[in-house]
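Reviewing the structure listed below.
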Amino acid sequence: MDLLVILTVFGVVFLAELPDKTALASLVLGSRYRPLHVFVGTAAAFLVHVVIAIAAGSLLTLLPGRVLHAVVGALFLMGAILLLRGRHGEEEEEDEQLELKGDKPATFRRVAGMSFGVILVAEFGDLTQIVTANLAAKYHDPISVGIGATLGLWAVAGLAIVGGRGLLKVVPLTVVTRVAAAIMGVLAVFSIVEAIRG
């Protein structure tokens with residue numbers, strides 16, 4: 001286990017997740033239901049996604065060194081571009097779809113289960129899952145990457161559920177998006193340079 005890898009992965013995943021639709025989904029769910037109930041379901045869904053991403057990243061490490069660095073660099077570059085392009089219209093539609101209808105009580109089981117399902121579906125193939133797979137391939141340390149990615153996702157979910165609206169008043173979403181895109185761009189350049197050097 002490498003503390004520097006954990007902190008690096010935490011920072012990259014945290015910044016990438018802040019402007020993401022799953023953070024906004026957590027914010028909406030947290031504003032409607034008990035925060036702890038939402039967090040339990042959300043945290044479980046993120047853990048599943050980190051395990052899947054780590055497995056995918058471990059498969060990437062089977063590629064030859066140059067090819068691996070080129071693939072990782074290209075995926076980081078794609079992530080930076082996706083972040084800068086944004087998806088604000090989709091996020092608003094998803095916020096509307098998250099509202100629960102009906103007269104069933106919002107029990108722990110129901111809210112945690114719904115939160116798990118919403119995040120599990122929304123996060124498949126998502127940017128942070130791709131970033132986590134890339135980081136697992138780059139660092140060859142699945143435990144450290146898994147811990148860093150999980151903590152980063154949980155931190156964003158916690159912030160979104162408890163105080164997301166206040167955070168977005170202090171730090172504009174565009175600033176968070178640009179910082180995350182810049183970090184991914186730098187990681188892409190490093191990976192591509194490593195691929196060229198061999």
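For region 115-162, the candidate set comprises residues that are more than 16 Å from V28 (Cα to Cα) and among the hydroxyl-bearing types (S, T, Y); within that set, the residue that is modelled with the lowest pLDDT is T128.
Checking each residue in region 85-106 for being more than 30 Å from G185 (Cβ to Cβ) and either modelled with pLDDT of 80 or more or not charged (D, E, K, R) (or both) picks out Q97, L98, L100, G102, P105, A106. For region 1-40, taking the residues that are over 17 Å from F116 (Cβ atoms) and among the hydroxyl-bearing types (S, T, Y), the one that is surrounded by the fewest Cβ atoms within 10 Å (Cβ to Cβ) is identified as S31. Applying the set (1) in contact with a Ser or Thr (Cβ under 9 Å, 6 or more places away or on another chain); (2) at pLDDT 90 or above; (3) under 24 Å from V193 (Cβ atoms) to F46 leaves exactly one unmet item: (3). Annotation: A56 fulfils all but one of (1) in contact (Cβ under 8 Å) with a residue 24 or more places away in the chain; (2) of a type in the set (A, V, I, L, M); (3) over 16 Å from F124 (Cβ atoms); the unmet one is (3). Number of residues in region 137-157 that are assigned to a helix (DSSP H, G or I) and surrounded by fewer than 24 Cβ atoms within 10 Å (Cβ to Cβ): the value is 10. Comparison of R178, R165, R109 shows that the only residue that is surrounded by fewer than 19 Cβ atoms within 10 Å (Cβ to Cβ), in a helix (DSSP H, G or I), charged (D, E, K, R) and at pLDDT 80 or above is R109. Restricting attention to region 41-57, the residues being crowded, with 24+ Cβ neighbours inside 10 Å and farther than 18 Å from V131 by Cα number 2.
For region 27-42, the set of residues classified as modelled with pLDDT under 80 and hydroxyl-bearing (S, T, Y) consists of S31, Y33, listed by residue number. When region 1-36 is filtered for residues that are under 16 Å from T132 (Cα atoms) and among the β-branched types (V, I, T), the ones remaining, listed by number, are V5, I6, T8, V9, V12, V13, T22.
The values are calculated or read from the model by the stated rules, or taken from the named source; none is laboratory data. As the structure is a computational prediction, the values presented were derived from the model and not from experiment. A quick note on method: Cβ atoms are made from the backbone with ideal geometry, for glycine too, and the neighbour counts reach across all protein chains shown.
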